[in-house]
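Just below is one structure, and these are the notes that go with it.
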Amino acid sequence: MHRRVMVVRWAVTVGIMLGGWTTAGAEQSGNLTLRVDAGGRPAAAGTPASGGIPFPMGAVATVDHLRLETSQGSEIPANYWKLVSWPDGSVKAVLISFVPVPQGDAYPDVVLHYGPSVSHAASGGVQVVQDSSSMTVTNGVLKLQFSKTRFSILEQAWTDLNSDGTFSSGEQWLTAPADLVVKDRKTGRFFRG
């Protein structure tokens, strides 16, 4: 099974600097409308998206003051990573990763809110559940199952496409083990899962 990798270009990255921000000072509040560009391909459910957003110095103190929402105001589960800081410690650029839900053949716009009174829901962190034969890792958006007895990459995988906190059979995108094949360069032997 081949998975698509989407290259995301935020349609707003140039316009972000035009919001009337000052060059430095107190943390600011506002929002940015972001458009996910799938490069002319039709939108596909379960395809993760990532993109970088720059901020002027002092505008955003921490990634904890960011929140991604649908245009209707529902929070979108996302990961936020500070890529680089300004000399004052504020966020210079952030990488945002999430799984957009397509509408037809396109992705709807999303809204990034920022400011000192803005926060995003904690994902609950990473949860790991193990038994004698498998290990399941869940982060609220993805659920990955690994075998402890087979030589494989993944056994099963799900994405919570509707953000309801459960992983249904319709959200499962890997239903059988993904085999791992390794070739020893010296001996030419293959090792398969």
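Summary table below
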quantity: Accessible surface of region 30-86, 1.4 Å probe, proportion on carbon and sulfur as whole %; calculated: 51
quantity: Alpha-carbon centroid distance for the pair region 35-81 / region 120-162, whole angstrom; calculated: 23
quantity: Kirkwood hydrodynamic radius of region 23-68, Cα pairs, Å; calculated: 13.3
quantity: Average accessible area per residue (Å²) across region 67-166 - probe 1.4 Å, nucleic acids and ligands excluded; calculated: 54
quantity: Alpha-carbon gyration tensor eigenvalues x 5, square-rooted, for region 24-114, Å; calculated: 27, 13, 10
quantity: Principal axis dimensions, largest first and in whole angstrom, of region 74-176 by Cα; calculated: 49, 37, 21
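The values are calculated or read from the model by the stated rules, or taken from the named source; none is laboratory data. If you're wondering where the values come from, they're calculated on a predicted model, not measured in any experiment. Protein only, heavy atoms only, side chains kept; ligands, DNA and RNA dropped before computing areas. Shrake-Rupley method; radii C 1.70, N 1.55, O 1.52, S 1.80 Å.
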